[in-house]
């Protein structure tokens, strides 16, 4: 019995350490606070190095909030060049160098890089003019 318990402890400890760490961010838009989980890729790693950020935010196309970064992010190796965003996606639009936070679905866009997804529903205030992005430790 002791051998079985010892084997289970070893199995679970190896499983826990083999998992990739989650990359969480907190996004504050006006008085709304949201969290998102990011993929681990060069684009998100470069974004995380710039955090915390406070940027002007604007509405774009009736389906997204955008914010321009002071430094462009590198492309991601898994980027296929044509991504169709859905409501709740956190993306980076490489040609313009801006973050695009989608609260509606739209057609594929060349140059749009998927970064991650909001944890829960994302319905930003239309009047929010400032965005703050921080890493969640």
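Taking the criterion of being modelled with pLDDT under 90 and within 15 Å of the chain's Cα centre (by Cα), the only residue of segment 84-137 that qualifies is 137. If the condition is being in a loop (DSSP other than H, G, I, E, B) and surrounded by fewer than 12 Cβ atoms within 10 Å (Cβ to Cβ), then segment 19-35 contributes 19, 20, 21, 22, 31. Among the residues of segment 74-82, not a single one is in a loop (DSSP other than H, G, I, E, B), touching a residue at least 60 places away in the same chain (Cβ under 8 Å) and either in contact with a helix residue (DSSP H, G or I) (Cβ under 8 Å, 6 or more places away or on another chain) or closer than 20 Å to residue 23 by Cβ (or both).
Taking the listed residues 38, 47, the one that is at pLDDT 95 or above, surrounded by 15 or more Cβ atoms within 10 Å (Cβ to Cβ) and in contact with a helix residue (DSSP H, G or I) (Cβ under 6 Å, 6 or more places away or on another chain) is 38, with no other qualifying. Annotation: of all residues in segment 116-128 being touching a strand residue (DSSP E or B) at 6+ places or on another chain (Cβ under 8 Å) and loosely packed, with under 12 Cβ neighbours inside 10 Å, the one that is nearest to residue 43 (Cα to Cα) is 120. Residues in segment 83-98 that are without any contact (Cβ under 8 Å) to a residue 40 or more places away in the chain and in a strand (DSSP E or B): 83, 89, 91, 93, 98. Residue 70 falls short on exactly one of the conditions (1) touching a residue at least 40 places away in the same chain (Cβ under 8 Å); (2) closer than 22 Å to residue 23 by Cβ; (3) exposed (fewer than 12 other Cβ atoms within 10 Å of the Cβ), and that condition is (1).
The residues in segment 42-67 that are over 13 Å from residue 90 (Cα atoms), within 13 Å of the chain's Cα centre (by Cα) and touching a residue at least 60 places away in the same chain (Cβ under 8 Å) can be counted, and the count is 2.
The values are calculated or read from the model by the stated rules, or taken from the named source; none is laboratory data. None of these values were measured; they are calculated from a predicted model. Backbone-built Cβ (ideal geometry, glycine too); neighbour counts: all protein chains shown.
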